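In what follows, a structure is listed as structure tokens, so that the remarks can point back to it.
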Ligand code: GDP
């Protein structure tokens, strides 16, 4: 029998990769989309004829119950949230509505309408905020430092509580930064690969960056969604860290991207205080011992491979568009 999956946050980076993975595996895929996000469908436009878009909103309990009743999914992946950290400070209540209470509504809808469905909640390393230890594991205490992290911590514990109280197959994947060619250039990884490609093609002259010593645990979004799917294929639900397990600095990233296009990064990178962050969090890095041991998951792409595939993508995309972007500079 064909398996059915419902994805919230279908229009985002992870939603689009997860939909592709599930389609490859023969699932019927339903994507929950808010009316207001219908103008934002470019990441999934190539999937329109293969997935079914259903209308609903994490702010509206009835819409969630209707969608779950109608589609009867065996797997539900909650990848939707208000995920932009600066906005979580200017709109903390709305962030809580989507990112925290939205998960309550979803869990309650599953409990009432489809209690045997398996549920994946997208937790985030932001729950650790200022952690007591590094690397962080599934046992590290949550010390979130922004409203987004607080909302994700609530959603995490509600998912765990519904598992314990109602015996739902509900689990949380705590993901760290994950990147892909579908990331925006406001994030440093794509900004660097994109601008290195632009400089190589003569479309930009320099790359302005902030703190080159900042470090992140970066992994490929395709690897991350594969871990999400694996988490729902187990006998018992459980929570896992999903990360690369290693950190690299912005400097490593620049060096790797520019080396790949045979350029010396020092000739092009300009450090601009405008891109410095006043309050950099401590280094977050995931311990992936548990997911490796229990699910046999590990990233398939190394840091270098990820940088190179993104530069390749940007070179290819820019070559196709050279006449349109001539003279343009990445403005982030
Ligand atoms: P996030 O902070 O994990 O959401 O991801 P970003 O990609 O925005 O930033 C990653 C790190 O890169 C942060 O520690 C930034 O301080 C550092 N960084 C250095 N230069 C830049 C820059 O020009 N833009 C951005 N976005 N980050 C930069």
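The values are calculated or read from the model by the stated rules, or taken from the named source; none is laboratory data. This is a predicted model, so every value here is computed, not measured. Virtual Cβ from ideal backbone geometry, glycine too; neighbours counted across all protein chains shown.
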Can you tell me which residues in the range 206-216 are under 20 Å from residue 86 (Cα atoms) and either more than 8 Å from the ligand (Cβ to nearest atom) or assigned to a loop (DSSP other than H, G, I, E, B) (or both)?
210, 211, 214
Within the range 296-309, restricting to residues that are touching a strand residue (DSSP E or B) at 6+ places or on another chain (Cβ under 7 Å) and in a helix (DSSP H, G or I), the one that is surrounded by the most Cβ atoms within 10 Å (Cβ to Cβ) is 306
By residue number, the members of the range 251-292 that are closer than 29 Å to residue 226 by Cβ, in a helix (DSSP H, G or I) and touching a helix residue (DSSP H, G or I) at 6+ places or on another chain (Cβ under 6 Å) are 253, 254, 255, 256, 257, 260
2 or more residues under 26 Å from residue 177 (Cβ atoms) and free of Cβ contacts under 8 Å to residues at least 40 places away in the same chain: qualifying strands (runs of 3 or more DSSP E) within the range 1-58:
28-33
Taking the stated definitions as given, is residue 159 within 12 Å of the ligand (Cβ to nearest atom) and touching a strand residue (DSSP E or B) at 6+ places or on another chain (Cβ under 7 Å)?
no
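Okay, residues lined up against (1) over 21 Å from residue 309 (Cβ atoms); (2) within 17 Å of the chain's Cα centre (by Cα):
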position	(1), (2)
202	yes, no
210	yes, no
228	no, yes
232	yes, no
239	yes, yes
249	no, no
271	yes, no
277	yes, no
Any residue in the range 202-214 that is farther than 15 Å from residue 315 by Cβ and assigned by TED's automatic domain parsing to the domain that holds residue 251 sitting within a Cβ distance under 6 Å of a residue that is in a loop (DSSP other than H, G, I, E, B) and within 9 Å of the ligand (Cβ to nearest atom)? List the pairs, counting only those 6 or more apart or interchain.
208/272; 210/276; 211/276
Would you pick out the residues in the range 169-184 that are under 18 Å from the mean Cα position of the chain (by Cα) and more than 9 Å from the ligand (Cβ to nearest atom)?
171, 172, 173, 174, 175, 178, 180, 181, 182, 184
Examine the range 223-241 for a residue that is over 23 Å from residue 99 (Cβ atoms), buried (at least 21 other Cβ atoms within 10 Å of the Cβ), at pLDDT 95 or above and in contact with a helix residue (DSSP H, G or I) (Cβ under 9 Å, 6 or more places away or on another chain), and state whether such a residue exists.
no
Taking the range 194-205 and keeping residues within 14 Å of the ligand (Cβ to nearest atom) and in contact with a strand residue (DSSP E or B) (Cβ under 9 Å, 6 or more places away or on another chain) leaves 195, 196
Is there a residue in the range 179-192 that is touching a residue at least 60 places away in the same chain (Cβ under 8 Å) and within 25 Å of residue 293 (Cβ to Cβ)?
no
Filtering the range 120-161 down to residues that are crowded, with 23+ Cβ neighbours inside 10 Å and over 21 Å from residue 84 (Cα atoms) yields 136, 159
So how many residues does the range 310-330 have that are under 23 Å from the mean Cα position of the chain (by Cα) and either modelled with pLDDT under 85 or surrounded by 17 or more Cβ atoms within 10 Å (Cβ to Cβ) (or both)?
5
Sole residue being assigned to a loop (DSSP other than H, G, I, E, B) and touching a helix residue (DSSP H, G or I) at 6+ places or on another chain (Cβ under 9 Å), chosen from 189, 142, 119:
142
Given (1) within 16 Å of the ligand (Cβ to nearest atom); (2) closer than 13 Å to residue 123 by Cβ, where does residue 188 come up short, assuming only one miss?
(2)
